[in-house]
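What follows draws every value from the coordinates through simple rules; no lab data is involved. Keep in mind that this is a model prediction, so the values were computed, not measured. Cβ coordinates were reconstructed from backbone atoms using ideal geometry, including for glycine residues, and neighbour counts include every protein chain displayed.
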Amino acid sequence: MTTNNQYWDESSEAISRSDLEALQLDRLKLTLQHASLSHFYKKKFSEEGVDISSIKSVRDIRKLPFTTKQDLRDEYPYGFLCVPKERLVRLHVSSGTTGQATAIFYTRADLETWADLLARCMYMAGARPGDTFQNLTGYGLFTGGLGFHYGAERLGMLTIPAGAGNSKRQIQLMKDFSTNVIHIIPSYALLLMPIMSEMGIDPRRDLKLRIACVGAEPYSEEVRRRIEDFYGIRVYNSYGLSEMNGPGVAFECPHQSGMHIWEDAYLVEVIHPKTLEPVPDGEYGELVLTTLKREGMPVIRYRTKDLTRIIPGECECGRVHKRLDRMQGRSDDMFILKGVNIFPVQVEQVLMNIPEVGNNYVIVLRQENNIDNMIVRVEVNDKIFVEDMRQLQRIQKKITHDLKGELLVTPQVELVEPNSLPRAEGKAVRLIDERKF
Ligand code: ADP
Ligand code: ZN
């Protein structure tokens, strides 16, 4: 970064490591004092004998207890609240992908912080005032809708709150208003492709798209490439979770080599999920986050269950904020088949490297005669002639071979017609586990 006008938030992004740590310590101390006002932390700190005055450096965070999703559920709805209810202006509920929902509260200041963070993310990726932004994710309780919406308005983009689904209208809006920047879930970006082709729209020729903010669910580098190639855009990985406001926690810069996590707003740790000890930078583990700039509902050492690593070394862009690698998935998404640990995204990575494979797939785990089997159901590309058995057999063999090479177990591969697998409105359901335990 050489010139000032490349930053949106220069004072936070161009900060030195020592200034950042000093700022983090100040904010951490305030956060802890504030958190002690909540029912949950008051109880937790006293039960575990936590003395917040003993926190003298950011590394002392390790003296504090973890917070889990179960804690948030147990304290539903108000146990984490640190301000009088009259000061709250927004409520979100986590989408409940993995069970009972949790409630997240925001004061006006929290909403300001959140919008600033998202504006910073999009500016970093190259979005500018005057651009047109279309939000293709669900509004309502899902944080990806309103989160990006206010961030885009804060940045000064013409913001189209298109919401999820209604694909033909989405494409029409993009065309009529020359949309440049979009926010979209990766599985939906894939599903929109054949619909565009059906409408006779070539995005490179007929649309003005430049930037896509893509996240909310795990996806592979291969999917990023497919989206970039088809739409003629650059895809920036976007990470967040409701418990930490929503999106805007970590985001890619133009170097697309990991997501800068905004360390002035979140304190980041990566721990071994079993020993709970910190792992060195570069090693995979569970991401643990502490809010540093949240007043309604601070959360301390939150175990996200998301598995990733900190990419060692500095980013070429010069930002001091550490980079998170692409998420492998949640620890809950990992499944064990014949003694092998597998993440759905590993299957995706293999599939999407095969040009004959279309844009949707699902993994089914089934027990037959006491043996666990993995069935991978794959849509073929719409250019494949489904009557040509020889060609289909060749594709099936190739997929089986490549998956076995990556996973070390032999899947049963079923090819299905384009657009025939079920599609979700929001986050894609990639795994159906029919086994009995
Ligand atoms: P829920 O936990 O109910 O799905 P959220 O909408 O808060 O509700 O989802 C946040 C989760 O989504 C994260 O913890 C993570 O598992 C996943 N996620 C978000 N962004 C990404 C991303 N860029 N890559 C992989 N997973 C992501
Ligand atoms: Zn960078």
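Would you mind putting 179-192, 263-276 in packing order, based on average other-beta-carbon counts within 10 Å, highest first?
On the way: 179-192: 24.2, 263-276: 18.0.
Listed from highest to lowest mean packing, they are 179-192, 263-276.
Placing a label point 7 Å from the Cα of residue 390 along the Cα-to-Cβ direction, none of the residues of the range 399-429 has a backbone N under 18 Å of that point. Comparing 378, 141, 15 along the charge dipole axis of the chain, the residue lying farthest to the positive side is 141, per the Cβ-charge model. The packing ranking, built from the mean of other Cβ atoms within 10 Å per residue, places the peptides 299-306, 241-248 in the order 241-248, 299-306, highest first. Taking 28 Å as the cut-off for C-alpha to C-alpha distance, list the pairs among 322/404; 29/305; 208/305 that go past it. Checking Cα-Cα distances, 322/404; 208/305 exceed 28 Å.
For the range 335-433, take the convex hull of the Cα atoms, compute a quarter of its surface area, and give me that in nm², please.
The number I arrive at for the range 335-433 is 6.6 nm².
Positive contributions from Lys and Arg (+1) and negative ones from Asp and Glu (-1), summed over other residues with Cβ under 14 Å from the Cβ of residue 373, come out at +1. Note that the range 60-71 has calculated 3J(HN,Hα) couplings of 5, 3, 5, 6, 8, x, 7, 10, 10, 4, 4, 4 Hz, one per residue in order, obtained from phi through the Karplus relation 6.51 cos²θ - 1.76 cosθ + 1.60 (θ = phi - 60°); glycine and proline are x.
Seen from residue 312, the other residues with C-beta closer than 12 Å to its C-beta sum to a net charge of -1, counting Lys and Arg as +1 and Asp and Glu as -1.
Let me check I've understood the local charge: for residue 94, count other residues with C-beta under 15 angstrom from its C-beta, Lys and Arg +1, Asp and Glu -1. What total comes out?
On the way: positive: 69, 73, 90, 303, 305, 330, 427; negative: 71, 74, 75, 217, 243, 306, 332.
Neighbourhood net charge equals 0.
The per residue volume of the convex hull around the alpha-carbon atoms of the range 1-331 is 131 Å³. The modelled label-to-label distance between residue 168 and residue 7, using points 7 Å beyond Cα along the C-beta direction, is 4.9 nm. Overall size of the range 173-220 from C-alpha positions, given as principal axis extents largest first: 29, 21, 15 Å.
Remark: spin-label model distance residue 416-residue 277 equals 4.6 nm, labels positioned 7 Å along the Cα→Cβ axis. The modelled label-to-label distance between residue 436 and residue 21, using points 7 Å beyond Cα along the C-beta direction, is 5.7 nm. For the range 121-189, the percent of C-alpha pairs falling in each 10 Å distance bin, counted from 0 to the bin holding the largest distance, reads 22, 57, 21. Per the Debye formula with a single identical scatterer at each Cα and no solvent contribution, what log10 I(q)/I(0) holds for the range 272-355 at q = 0.16 Å⁻¹? With no solvent term, the Cα-only Debye profile gives -0.82. If R0 is 25 Å, what FRET efficiency do you get for residue 14 and residue 60 from their C-beta distance, rounded to 0.05? Efficiency, rounded to the nearest 0.05: 0.40.
How many angstrom lie between the C-alpha centres of the range 396-437 and the range 153-199? Centre-to-centre (Cα) distance: 27 Å. Computed over the alpha-carbon pairs of the range 1-136, the distance histogram in 5 Å steps reads 2, 8, 13, 15, 16, 17, 14, 9, 4, 2, 0 percent, short to long.
Near residue 157, the amide H atoms lying under 5 Å from its own belong to 130; only residues 5 or more places off or on other chains count, and H is placed 1.01 Å from N.
Using the per-residue mean of other Cβ atoms lying within 10 Å as a proxy for protection, in what order, highest first, do the peptides 134-140, 34-40 fall? Before the final figure, lay out each step's value.
Details: 134-140: 21.4, 34-40: 17.9.
Top of the packing list down: 134-140, 34-40.
The charge dipole of the range 309-437, taken about the Cα centre with unit charges on the Cβ atoms of Lys, Arg (+1) and Asp, Glu (-1), comes to about 340 debye, rounded to the nearest 20.
If I stretch the segment between residue 89 and residue 46 completely, what's the gain in nm (0.36 nm per residue apart, minus their alpha carbon distance), one decimal?
Values: separation 43, 0.36 × 43 = 15.48 nm, distance 2.99 nm.
Result for the pair: 12.5 nm of gain on full extension.
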